[in-house]
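Nothing in this text is a laboratory measurement; each read-out follows from the coordinates by a stated rule. Because the structure is a prediction, the values reported are computed rather than measured. Positions of Cβ are backbone-derived with ideal geometry, glycine not excepted, and every protein chain shown enters the neighbour counts.
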Amino acid sequence: MSSLFILLINTAIFSQDNSKTHGGELNNKILLTNRYSPGVYTSFEQFLADAPAISIFRIKVNKGTGSVELYKISGQDSAGILVKNAWGISVGNELYKIDKGKLLAIEKVGSGFMLSKFVDPKKRKNNAIFWRNNIGSRKGVKNPFDIEDVLKTTSVKVQKIKLTHLDMNTGELIN
């Protein structure tokens, strides 16, 4: 009987460890909180743990490409150092995924995350106030949820598919 109990305990521990390393919900602080830590996430793992690597940053829109650029600000360098590997940001309790140079508002829906533009506006929590003030105002765009920032991918049958959700195992956008 005691060996069965130990086996069950070990199985439970193995299951917890396995889910932690494969994006399981047991260790995903981001799913358990409604107040997000501000800063830049340089990886999806940091996002899941709600532990941004960079706490002070500034954002810039590249005039030539229209792409979003993030700069890490430190005490020694107020101009900032370009962050080349940003996964996303948290600012003003709004979450954003960075994909192909675009800053995309995301929010928790159920046990995952979805692009805010696909959430019913009556239920939407991320109204992209940071985006409106820092991206839209620089690009001359008023609506962060317009058609310009819809990301699409090509399916096997060469149809365009809208990417709407985060894959909670990889952090990539999926349909």
- [ ] Please list, in chain and number order, the residues 5+ apart from VAL83 or on another chain whose amide H is under 5 Å from its amide H, with Hs placed from the backbone.
- [x] LEU70, TYR71, LYS72
Open item on the list: For ASP99, what residues show an amide H to amide H distance below 5 Å, using hydrogens built from the backbone and excluding near sequence neighbours?
Closed with: LEU104
Task: Too-long pairs where the Cα-Cα distance tops 25 Å, listed order kept, from LYS29/LYS142; LYS97/LYS123; LYS63/LYS100 - done: LYS29/LYS142
Open item on the list: Apply the Karplus curve 6.51 cos²θ - 1.76 cosθ + 1.60, θ = phi - 60°, to the phi angles in segment 123-128 and return the couplings in whole Hz, x for Gly and Pro.
Closed with: 9, 4, 9, 9, 8, 6
- [ ] Would you mind checking which residues have amide H under 5 Å from PHE57's amide H? H placed 1.01 Å from N; only 5 or more apart, or other chain.
- [x] ILE73
Task: Nitroxide proxy distance, nm - points 7 Å out along Cα→Cβ at ASN127 and GLN76 - done: 4.2
